[in-house]
Amino acid sequence: METNEKNLVEISVAGEVSSPQSGSSPYSITPDGKPKVLPGIGGITYNVKVGDNAIQWEADHVEPCVSMRNKDREENGALNLLSCIGNVARVITGDAKGSTGIVTGKHGGIENVLVDFEDKTLERLAIGDKILVRGVGVGMSLFRYPHIKLLNMSPRLLKALPIREEKSRHILHIPVTHVIPAAIMGSGLGSQHCYRGDYDIQLFDQQTVEQYHLRTLRFGDIVAIMDADHTYGRIYKTGSVSIGVIVHSNCVTAGHGPGVTTLLTSAEGKIVPFLDSTANLGIYLKIGRFRKGTTRKG
């Protein structure tokens, strides 16, 4: 596919490995009124990787592998805006200095950028270590597909996706692991733009969960959200299609669930998803559980 890649700016943005956070109360309350105390956002999650099931964990909004952010609010905004999924991230301080990883997602609300590293790097990383991202992808567009918009997508990831072109109708056929109705999308809906963060798949209606096989969602899965337009914000629009990637785990609080960061959207429905169980960021970029030599711990 022809893109404007040669005109894209590649720019440095930086943050540091973020600490897990907890408010004054440790409890999260489920929609049926049960209090839960669970691990959540931030830190280094040694045994949670791209490719793992995103539903099974005793956790709330847990982020796979490494979470990073910048303590300066505006600089953190730039980190989240300019980091694109598939970008290279390099550790620049600490015992793991020089090690590289891959950006795998953005988590709204906490405004973390998520990065996959190999196991030996995780053992040397510490909270506070600085990470530099070579941000490239913002502004990327497709010449022959004016009704399809790219967001949060690096050129590297676009080239790795096995997309089928239907040039005569200006349609792209994109592999996904799951097709999800916009009706169950929750937290993050109504955002004014989709260049940062994510929004959540609610898993509280068991009939819908079973119908769409949502208990099999994995970190890194490429999914289609039907009747969802992300061109200028997250809205419900009949006939539109948005494609995204699962970036954080299931959640127990009302309106929340596994998070999706947008990759492509078409308000006119010029994206046609097709089911493929191998449609996962880890497989395409050889990271997470699909990285050579990765082991399970814990």
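The values are calculated or read from the model by the stated rules, or taken from the named source; none is laboratory data. No experiment lies behind these values; they were computed from the predicted model shown. Backbone-built Cβ (ideal geometry, glycine too); neighbour counts: all protein chains shown. These accessible areas exclude ligands, DNA and RNA; they are computed on the full protein's heavy atoms, side chains included. Shrake-Rupley method; radii C 1.70, N 1.55, O 1.52, S 1.80 Å.
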Item checked: Cα-only radius of gyration and Dmax that characterise region 126-243, units Å -> 15.9, 52
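Multiply the residue gap between residue 127 and residue 147 by 0.36 nm, knock off their C-alpha separation, and tell me the result in nm, one decimal place. Before the final figure, lay out the partial values.
Details: separation 20, 0.36 × 20 = 7.20 nm, distance 4.21 nm.
Stretched fully, the residue 127-residue 147 segment lengthens by 3.0 nm.
How large is the convex hull of the C-alpha atoms of the chain per residue, in Å³?
Details: hull volume 37.3 nm³, N = 298.
Here the figure is 125 Å³ per residue.
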Margin query: As a test, work out the antiparallel percent of DSSP beta bridges whose residues both lie in the chain, rounded to the nearest 5.
Written below: 85 percent
Checklist line | Using a Förster distance of 30 Å, the FRET efficiency for residue 272-residue 11 (Cβ separation, nearest 0.05) | finding: 0.35
Checklist line | 27 Å Cα-Cα reach of residue 120 towards lysines, excluding residues that sit fewer than 8 places from it in its own chain | finding: 49, 71, 97, 106, 130, 286, 292, 297
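Which value does Rg/Rh take for region 217-280 over its C-alpha atoms, Rh per Kirkwood? Working shown, then result.
On the way: Rg = 12.0 Å, Rh = 12.3 Å.
Taking Rh as the inverse mean 1/r over Cα pairs, Rg/Rh reads 0.98.
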Check: Percent of accessible area on the chain owned by carbon and sulfur, 1.4 Å probe?
Finding: 50 percent
Next item on the list: Could you pull out which residues in region 221-260 have an amide N less than 17 Å from a spot 7 Å beyond the Cα of residue 164, following the Cα-Cβ vector?
Entry: 224
Next item on the list: Work out from phi, with θ = phi - 60° and the Karplus expression 6.51 cos²θ - 1.76 cosθ + 1.60, the ³J(HN,Hα) of each residue of region 91-103, listed in order in whole Hz, and give x for Gly and Pro.
Entry: 6, 10, 9, x, 5, 9, 3, x, 6, 10, x, 10, 5
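Mean shadow of region 168-294, computed from the convex hull of its alpha carbons, in nm²? It would help to have the intermediate numbers written out before the result.
Working: hull surface 33.1 nm².
About 8.3 nm², averaged over all directions.
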Checklist line | Amide H within-cut-off set for residue 43, under 5 Å, with H built and near neighbours excluded | finding: 18, 19, 67
Check: Per residue, how much accessible area does region 1-109 have with a 1.4 Å probe, in Å²?
Finding: 49 Å²
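Longest span of the chain, sites excluded, free of trypsin sites (Lys or Arg not before Pro) in DSSP loop with at most 16 other C-beta atoms within 10 Å? Spell out each step's value before the answer.
Values: sites that count: 71, 97, 124, 144, 286, 292, 296, 297.
Here the longest run is 145-285.
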Next item on the list: Give me the accessible area of residue 212, 1.4 Å probe, in Å² rounded to the nearest 10.
Entry: 70 Å²
Checklist line | Per residue accessible area in Å² of region 117-159, where ligands, DNA and RNA are left out and the probe is 1.4 Å | finding: 44 Å²
Note to self: Rounded to whole Å, give me the distance from the Cα center of region 101-130 to that of region 138-217.
What the structure shows: 23 Å
Checklist line | Distant alpha-carbon pairs in region 1-45 (separation over 16 angstrom), percent | finding: 65 percent
